[in-house]
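The values are calculated or read from the model by the stated rules, or taken from the named source; none is laboratory data. Quantities reported herein were computed from a predicted structural model and do not represent experimental measurements. Every residue, glycine as well, gets a Cβ built from its backbone with ideal geometry; the counts of neighbours run over all protein chains shown.
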Amino acid sequence: MQRAGDAAVDVRALTPLATYAIGDVQGCAASLERLLEHVAWDPARDRLWFAGDLVNRGPRSLEVLRFVRGLGDTAVCVLGNHDLYLLALAEGLAPRRERTTVDDVLAAPDCEPLLAWLRSRPLIHHEGGFALVHAGILPVWSFPEAVRRAREVEAALDGPHWRALLAHWVERPRLAPRGRHAPFDRLVLALQAFTQLRVCTPDGVPALDADGSPEQAPDGTRPWFELRAWFEREPTILFGHWAALGFRDMGRFVALDSACVWGGRLTALRLDDRAVFSVPCDNDP
């Protein structure tokens, strides 16, 4: 209780910082708004980690992009495959696909700075005991090797040949993680792992067309996280991308994509205590 004469105390200012890791938003701005209300998000106190795929297939990609970019340092967002597709589409490097819903971004007066911001997002964010990626990490890579490869690709995306890199990624070549690689193959393999991986062979070759449940994985493949050996002091890996998997807290791995854009839910994990929050899909424009 506050006594007479005491200075007023802002109780929320004394509350420790909370960090929420959020699954694939994909333009579902209304669902994101409801989720942030549900967790009583305070932009002056809390941080948000986004698992990539901010855009596409949902109705309000532009609004989501502007919102997350406007959060500045209070938000982290890793690159997802739909984010890369938007970048490739804007440069004429990819064909227009069915259910593409990024016209609002491409027609926006601030399209150029928004896309430049998106292209500068990391592929891995590692902080404390957690690491965030969009899709996965090849089981043949240690975590330090995965970070090195992520930084290599990020530098290439920020370099003069980023369009050629994206063009090769659009071609979806089948690549093995070991052995000699043609130009860009090493970088494209890393992009495939970080933004498209669900299942792979034990030697780390991704099966990029597999998008069903783990039980529907092609013969000779398994979920990437089931194939990863235990590396000492490896962080808990948070990932999205796999809507058919749904939200799963598996201890060392947490799947965040609960299929919001497909009529499921949008989910957040509070990293401080691993509490889970979710709201139903709301795709009204």
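Yes or no: segment 126-141 includes at least one residue that is at positive phi, at pLDDT below 95 and either of a type outside the set (A, V, I, L, M) or touching a helix residue (DSSP H, G or I) at 6+ places or on another chain (Cβ under 6 Å) (or both).
Checked against the condition, which is being at positive phi, at pLDDT below 95 and either of a type outside the set (A, V, I, L, M) or touching a helix residue (DSSP H, G or I) at 6+ places or on another chain (Cβ under 6 Å) (or both), segment 126-141 yields at least one hit.
Which condition breaks for A44 when tested against (1) over 11 Å from the mean Cα position of the chain (by Cα); (2) hydrophobic (A, V, I, L, M, F, W, C); (3) closer than 18 Å to S258 by Cβ; (4) surrounded by fewer than 24 Cβ atoms within 10 Å (Cβ to Cβ)?
Condition not satisfied by A44: (3).
Can you give me the number of residues within segment 223-254 that are among the basic types (K, R) and buried (at least 16 other Cβ atoms within 10 Å of the Cβ)?
Start the filter on segment 223-254 by keeping residues that are among the basic types (K, R), which leaves 228, 233, 248, 252.
Going one step further and asking which of them are buried (at least 16 other Cβ atoms within 10 Å of the Cβ), we end up with 228.
The total comes to 1.
Could you check how many residues of segment 40-70 are touching a Lys or Arg at 6+ places or on another chain (Cβ under 7 Å) and under 17 Å from D282 (Cβ atoms)?
Result for segment 40-70: 1.
Can you tell me which residue among W262, W242, W224 is under 19 Å from I22 (Cβ atoms) and in contact (Cβ under 8 Å) with a residue 40 or more places away in the chain?
Exactly one residue qualifies, and that residue is W242.
Can you go through A156, A146, A182 and tell me which one is part of a helix (DSSP H, G or I), among the small types (G, A, S) and over 20 Å from A51 (Cα atoms)?
A156
Determine whether V39 is farther than 22 Å from W242 by Cα, surrounded by 10 or more Cβ atoms within 10 Å (Cβ to Cβ) and at pLDDT 55 or above.
On the way: farther than 22 Å from W242 by Cα: yes; surrounded by 10 or more Cβ atoms within 10 Å (Cβ to Cβ): yes; at pLDDT 55 or above: yes.
So V39 fits the description; yes.
Any residue at all in segment 163-177 that is among the charged types (D, E, K, R) and buried (at least 21 other Cβ atoms within 10 Å of the Cβ)?
Within segment 163-177, none of the residues are among the charged types (D, E, K, R) and buried (at least 21 other Cβ atoms within 10 Å of the Cβ).
Six or more apart or on different chains, Cβ atoms under 8 Å: show the pairs whose first residue is in segment 105-128 and closer than 27 Å to E145 by Cα and in contact (Cβ under 8 Å) with a residue 12 or more places away in the chain and whose second is surrounded by fewer than 15 Cβ atoms within 10 Å (Cβ to Cβ) and not small (G, A, S).
Matching pairs, first to second residue: R119/D158; S120/D158.
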